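The block underneath contains the structure these notes are about, expressed in structure tokens.
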Number of protein chains: 2
Amino acid sequence: MENPVGVFDSGVGGLTVLRELVSALPSERFVYLGDTARVPYGGKSAETVTRYAIEIANHLIRTRDIKLLVVACNTASSLALPVLRKIYKIPVVGMVDPCVRRAAALSEKRTIGVIGTLGTVRSGAYEEALRLSVPSARVRSIPCPLLVSLAEEGWTDSPITRAVIAEYLAPFLVDPPDALILGCTHYPVLKGPIREYLGDGTALIDSAEEAARVVDILLSEMQVRRAVAPAGEVEFLVTDDPERFARVGKGFFGQELPDVGSVAL
Amino acid sequence: MENPVGVFDSGVGGLTVLRELVSALPSERFVYLGDTARVPYGGKSAETVTRYAIEIANHLIRTRDIKLLVVACNTASSLALPVLRKIYKIPVVGMVDPCVRRAAALSEKRTIGVIGTLGTVRSGAYEEALRLSVPSARVRSIPCPLLVSLAEEGWTDSPITRAVIAEYLAPFLVDPPDALILGCTHYPVLKGPIREYLGDGTALIDSAEEAARVVDILLSEMQVRRAVAPAGEVEFLVTDDPERFARVGKGFFGQELPDVGSVAL
């Protein structure tokens with residue numbers, strides 16, 4: 001089936017997920033939308049984030065006829081997923097369940113940490129999913145709002161970033177979790193300093209790989225996989241200036257972004 | 001004249017300006033709008049920020065019949081002021097000219113620094129205004145995008161904030177400016193650590209006081225001052241969740257915010 005898979009995020013963070021999707025599903029076509037005119041979602045209310053997510057999903061369905069939607073933003077996944085699943089007939093894949101499934105598989109001590117934006121942590125979406133899937137787990141969640149700005153500033157290997165990480169994550173040193181969910185698509189670029197601070201006893205879980213696996217399974221089960229040849233392609237859309245997105249996004253996607261188009265929502 | 005003065009910003013930063021306005025003009029009525037559903041403006045394009053500013057101005061004029069508009073956001077002032085002044089009949093006061101006027105009055109060595117968001121610095125609005133008003137000045141501008149997040153996180157007296165300030169402002173130590181324009185309404189809450197880093201030889205200029213003086217003069221000259229009694233009042237509106245705005249805004253306004261209403265744009 002030629003229709004593309006739709007992927008969206010508030011900005012560049014979701015490119016860490018797209019990168020994994022493209023590598024796992026090289027024959028698929030993707031359309032990525034970064035809502036850069038309204039980024040970030042992390043501190044905004046459930047009502048506002050849900051409204052934005054619906055506008056984006058409507059646009060991708062109406063103009064690109066996507067066959068599946070990936071919400072490559074943990075805040076939007078935490079706040080808007082149930083509503084999106086109620087509205088649309090196509091499958092909607094979020095970031096919460098993939099992370100939780102991986103944490104359940106990796107955590108032996110059943111001590112699981114979650115870090116994310118204010119919106120993600122306040123929503124309690126991870127705690128709820130973990131309670132269902134790993135009832136015996138002790139879960140501790142910490143909002144880390146500054147990490148998004150640091151990742152976007154490109155300070156991924158700076159003493160300042162290490163100090164901010166120490167400030168936020170200090171509570172984890174008391175009773176270290178053996179699995180830490182990186183509950184924000186910006187955080188994978190900060191894996192280095194986070195691992196350095198927490199040590200090797202804590203497995204860092206990012207949603208991208210597991211989400212790619214879920215998309216793979218869904219496309220196969222629904223029998224809507226694209227034929228293996230020719231190779232797929234990716235279209236990039238943003239709601240604000242394409243130039244800055246391409247520049248900052250490179251570090252998140254892991255390679256140059258080709259043409260980025262702009263769209264008004 | 002009973003009509004209120006309209007004041008807007010992308011979020012809480014403009015409350016540092018409102019605070020000064022209320023203190024300078026206690027008999028006036030004010031309506032403040034924080035565009036918290038789309039905050040921040042600092043990294044967004046001129047087109048997008050101008051569109052948002054027009055939507056806000058339209059709303060305040062249509063629903064509150066404001067007699068004057070204060071753009072209490074340096075990014076919106078830098079990017080959108082000429083367009084706003086062309087569209088509306090009421091006077092529109094921005095943050096750039098008041099800062100520049102004060103810098104011109106205070107700087108003796110004619111070495112002037114400017115710090116602000118990416119959008120403000122890229123616009124060149126301060127350089128242009130300084131070139132006209134202080135032609136002999138040597139001007140150096142540095143974008144400091146992380147300072148907004150640090151101010152909103154409330155880390156105004158943290159070693160991390162001091163380290164970030166040192167990282168951004170180090171170029172100023174080579175040839176210290178004798179006046180530094182705090183070209184973002186968030187920065188006044190960081191005056192302490194900025195002064196500590198640069199020393200007493202650099203005067204820190206924030207737009208609030210001078211902007212209040214300009215508004216005072218305009219209202220008098222236009223003969224639209226409100227009668228001295230009864231005391232004025234302030235109405236607060238936001239485009240996203242009022243609760244977080246009230247909580248974070250307290251530190252910027254210097255006192256508790258009364259009822260905050262919400263508005264859809």
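Numbers at a glance
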{"read-out": "Contacts under 6 angstrom Cβ, first residue in the stretch B:219-237 being within 25 Å of B:Phe253 (Cβ to Cβ), partner charged (D, E, K, R), 6 or more apart", "value": "B:Leu219/B:Arg225; B:Val224/B:Lys67; B:Arg226/B:Glu28; B:Gly232/B:Glu28; B:Gly232/B:Arg29; B:Glu233/B:Arg29"}
{"read-out": "Unmet requirement for A:Pro98, which otherwise passes all of (1) assigned to a loop (DSSP other than H, G, I, E, B); (2) touching an Asp or Glu at 6+ places or on another chain (Cβ under 6 Å)", "value": "(1)"}
{"read-out": "The stretch B:187-200, subset of a type in the set (A, V, I, L, M, F, W, C) and modelled with pLDDT of 95 or more, residue nearest to the chain's Cα centre (by Cα)", "value": "B:Leu190"}
{"read-out": "The lone exception for B:Ala151 - which of (1) within 29 Å of B:Glu108 (Cβ to Cβ); (2) surrounded by 20 or more Cβ atoms within 10 Å (Cβ to Cβ) it fails", "value": "(1)"}
{"read-out": "Among (1) touching a helix residue (DSSP H, G or I) at 6+ places or on another chain (Cβ under 8 Å); (2) touching a residue at least 60 places away in the same chain (Cβ under 8 Å); (3) surrounded by fewer than 18 Cβ atoms within 10 Å (Cβ to Cβ), the one test that B:Glu55 misses", "value": "(1)"}
{"read-out": "Every residue from the stretch A:26-46 that is more than 18 Å from the chain's Cα centre (by Cα) and among the aliphatic types (A, V, I, L, M)", "value": "A:Ala37"}
{"read-out": "Where A:Ala203 falls short, out of the listed (1) modelled with pLDDT of 90 or more; (2) surrounded by 20 or more Cβ atoms within 10 Å (Cβ to Cβ)", "value": "(2)"}
{"read-out": "Given (1) within 14 Å of chain A (Cβ to nearest Cβ); (2) in contact with a helix residue (DSSP H, G or I) (Cβ under 8 Å, 6 or more places away or on another chain); (3) not hydrophobic (A, V, I, L, M, F, W, C), number of the condition B:Arg102 does not satisfy", "value": "(1)"}
{"read-out": "Residues that are facing chain B (nearest Cβ under 9 Å) and either part of a helix (DSSP H, G or I) or out of contact with any helix residue (DSSP H, G or I) (no Cβ under 7 Å at 6 or more places or on another chain) (or both), drawn from the stretch A:147-157", "value": "A:Val148, A:Ser149, A:Leu150, A:Glu152, A:Glu153"}
{"read-out": "Failed item, numbered, when B:Arg102 is tested on (1) surrounded by fewer than 23 Cβ atoms within 10 Å (Cβ to Cβ); (2) within 30 Å of B:Asp200 (Cα to Cα); (3) at pLDDT 95 or above", "value": "(3)"}
{"read-out": "Pairs, first outside the structural domain of B:Gly42 (by TED's automatic domain parsing) in the stretch B:123-137, second assigned to a helix (DSSP H, G or I) and hydroxyl-bearing (Ser, Thr, Tyr), C-beta under 7 Å, six or more apart", "value": "B:Ser123/B:Ser78; B:Ala125/B:Ser78"}
{"read-out": "Residues of the stretch B:206-247 that turn out to be in contact with a strand residue (DSSP E or B) (Cβ under 6 Å, 6 or more places away or on another chain), within 14 Å of chain A (Cβ to nearest Cβ) and buried (at least 19 other Cβ atoms within 10 Å of the Cβ), as a count", "value": "3"}
{"read-out": "Enumeration of residues in the stretch A:158-178 that are within 21 Å of the chain's Cα centre (by Cα), farther than 13 Å from B:Leu146 by Cβ and within 13 Å of another protein chain (Cβ to nearest Cβ)", "value": "A:Ile165, A:Tyr168"}
{"read-out": "Any strands (runs of 3 or more DSSP E) falling wholly within the stretch B:174-251 and containing at least 1 residues that are within 20 Å of B:Leu130 (Cβ to Cβ)", "value": "B:179-183, B:203-205"}
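The values are calculated or read from the model by the stated rules, or taken from the named source; none is laboratory data. Only a predicted model underlies this, so the values are computations on that prediction, with no experimental measurement involved. Note that each Cβ is placed from the backbone with ideal geometry, even for glycine, and that neighbours are counted across all protein chains shown.
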